[in-house]
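Structure, as structure tokens:
The values are calculated or read from the model by the stated rules, or taken from the named source; none is laboratory data. Every value quoted in this text rests on a predicted model; they were computed, and no experiment measured them. Positions of Cβ are generated from backbone atoms using ideal geometry, with glycine treated the same way; all protein chains shown enter the neighbour counts.
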Amino acid sequence: MTALPQQPYLQPPGHLLTVAEYAALDEDDQHRWELQEGVMLLSPRPAPRHMTVVYELAKQLEPQLPLDLRLVLDVDIDLQLVPAGEPGFSRQPDLIVVNRGEYDRVHREGGLIRASGLRLVVEVVSPGSKRMDHVIKRGEYADAGIPYYWIIDLEPPLSLLPLHLAEGFGYQDSGDVIGTFETTAPCPITLELDRL
């Protein structure tokens, strides 16, 4: 087993982190970090195909959003699953759609975008993230009250699994979509998945 290089951002903090402590850490442009119940999780940066799909999705989605919603790529979010002083949860989805008020709050005050301001979270499945995206994040995002969660699978044919929050039941879905995806929530959207 090879040891990790000795770099300041890779040193274990020595305790479980709150979301505020996590947000205060130095940025790391070589790795992707997330926080799960106070524990920092490391994963490799996404591959070019993954990032191209996210970019193409953003190009199709952004012009269809109303003015009260903002699209943001690859940003840390606070899932607000525990009180502020407890070991926290922060994820870094591939794409989010957030209420403009929450987006503006972060611009004014700093901190992370809060789950309570999110309308949609999108994850693109990478090698090694299938269970994380379909099971763990599905549960966390539902517990955080995020109304819509889409999972894009790059395995041919590229598909989108749209999930919506059903009170008391977690996320519900009607199955994978290929080709053209149309929805009315969180706003009227049409996506040509073959163009991703």
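The table below lists the values:
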quantity: Near pairs, Cβ below 9 angstrom, 6+ apart or cross-chain, from region 152-169 (modelled with pLDDT under 95 and buried (at least 17 other Cβ atoms within 10 Å of the Cβ)) to any residue that is assigned to a strand (DSSP E or B) and not aliphatic (A, V, I, L, M); calculated: none
quantity: Enumeration of residues in region 150-182 that are of a type in the set (Ser, Thr, Tyr) and closer than 18 Å to residue 56 by Cα; calculated: 159, 180
quantity: Counted residues, region 101-129 - those being under 25 Å from residue 66 (Cα atoms), surrounded by fewer than 18 Cβ atoms within 10 Å (Cβ to Cβ) and of a type in the set (Gly, Ala, Ser); calculated: 4
quantity: Residues of region 130-146 classified as surrounded by fewer than 18 Cβ atoms within 10 Å (Cβ to Cβ) and closer than 20 Å to residue 159 by Cα, total; calculated: 5
quantity: Filter result for residue 47 (over 16 Å from the mean Cα position of the chain (by Cα), of a type in the set (A, V, I, L, M, F, W, C), modelled with pLDDT under 95 and exposed (fewer than 11 other Cβ atoms within 10 Å of the Cβ)); calculated: no
quantity: Residue in region 26-35 that is basic (Lys, Arg), part of a helix (DSSP H, G or I), out of contact with any Cys (no Cβ under 7 Å at 6 or more places or on another chain) and over 19 Å from residue 145 (Cβ atoms) present; calculated: no
quantity: Condition check for residue 80: on the phi < 0 side of the Ramachandran plot and not acidic (Asp, Glu); calculated: no
quantity: Residue check for residue 85: surrounded by fewer than 17 Cβ atoms within 10 Å (Cβ to Cβ), assigned to a loop (DSSP other than H, G, I, E, B), of a type outside the set (Asp, Glu) and modelled with pLDDT under 95; calculated: yes
